[in-house]
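Working notes, beginning with the structure itself.
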Amino acid sequence: MNYINKQSFKCLLGPRSKEINILNNLFLWKVGDKNHFVVENNITLENIEILKEYCPSNFHYMTEANLLVLKQHFKVHKTRGNSVVLDITDLSFRGTKHSSVRHCLNRCNKEGFVLESNYRNFSDVKKCIEEWSDLYTSSYFRDNSGKNAYFYKNNFHEGLISLFVYNEDDLVAFGSLSQPISGYSSYVLGKALFKRHYGLSEFADVELYKLGKDSGIEYVNMGAATKGLIHYKMKFNGYTETHFDGNIS
């Protein structure tokens, strides 16, 4: 299942997003004078007619099948990307392959973290994201701090499956999954201050997956993965899917 749904697409929005429209399975917005769109499931003829009035426009997380439909109606420029899909039906992490994950979980289970379903105060999220932006953005991580803060400030996580990890008064990790659709979910966004606590990324994600599994999730689409992020995401049981970003004119 594609990464995009009515819950996950909101992680692509930011403080400069405007004219946000949800038209059935088509999601539209603008940033400055540039149009953007994503689609859930299959593009319909109704979608095409709307996009003809919304062209030129950038698109994100397009499936190959939908890309072929777009090419029948528009001039398309594209780049190929990979999404990682995890199988969370078995979170036992048995075997040599998962020894590093077990080590991370064992270390963090001794830390006394407090797991909560919502943040205590938005300032906690803001502080955590600011530290991430200052210390963690590198060749592996894009600085989406503005979009992350915008997402939680606007309470877009309401109704999602979310986890907030506190170390005493400090929020040190958070994550949100979309509600399952036929057993599939999208990892909407998440951050962990793993430089403070060894293995925190793995620990926070696994605890979030446990919540998702309890809610009927079997597979989690992690979204785009590049460079070192593929190595991290593939620590878990999963596979990659192709998606496309680009524009129509």
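The values are calculated or read from the model by the stated rules, or taken from the named source; none is laboratory data. Small disclaimer: the values here were computed from a predicted structure and weren't measured. Note that we place each Cβ from the backbone using ideal geometry, even for glycine, and neighbour counts take in every protein chain shown.
A few comments on the model shown:
- Single match in Ser215, Ser186 (criterion: among the polar types (S, T, N, Q), more than 30 Å from Lys75 (Cα to Cα) and not assigned by TED's automatic domain parsing to the domain that holds His77): Ser215
- Some residue of the range 111-131 being in contact with a Ser or Thr (Cβ under 9 Å, 6 or more places away or on another chain), polar (S, T, N, Q) and farther than 14 Å from Asn247 by Cα: yes
- Unique residue being more than 15 Å from the chain's Cα centre (by Cα) and not hydrophobic (A, V, I, L, M, F, W, C) when the list is Asp205, Asp170: Asp170
- Whichever residue in the range 111-122 is under 15 Å from Val172 (Cβ atoms) and part of a loop (DSSP other than H, G, I, E, B) and, among such residues, is nearest to the chain's Cα centre (by Cα): Tyr119
- Cβ separations smaller than 6 Å between residues 6+ apart or across chains give the following pairs from the range 3-21 residues that are under 26 Å from Tyr184 (Cβ atoms) to residues that are buried (at least 19 other Cβ atoms within 10 Å of the Cβ) and of a type in the set (Val, Ile, Thr): Ile4/Val38; Ser8/Val188; Phe9/Val38; Cys11/Val188.
- Restricting attention to the range 144-186, the residues being within 17 Å of Leu86 (Cα to Cα) and free of Cβ contacts under 8 Å to residues at least 60 places away in the same chain number 7.
- Residue in the range 78-93 that is touching a helix residue (DSSP H, G or I) at 6+ places or on another chain (Cβ under 6 Å) and modelled with pLDDT under 95 present: yes
- Subset tally (residues that are within 16 Å of Ile20 (Cβ to Cβ) and not in a strand (DSSP E or B)) for the range 52-72: 1
- Test: residue in the range 70-79 that is out of contact with any Leu (no Cβ under 6 Å at 6 or more places or on another chain), of a type outside the set (Asp, Glu) and closer than 30 Å to Ala192 by Cα: yes
- Any hit, the range 73-88, residues being in a loop (DSSP other than H, G, I, E, B), surrounded by fewer than 12 Cβ atoms within 10 Å (Cβ to Cβ) and either free of Cβ contacts under 8 Å to residues at least 12 places away in the same chain or hydroxyl-bearing (Ser, Thr, Tyr) (or both): no
- Some residue of the range 11-34 being within 24 Å of Ala204 (Cβ to Cβ) and in contact with a Leu (Cβ under 8 Å, 6 or more places away or on another chain): yes
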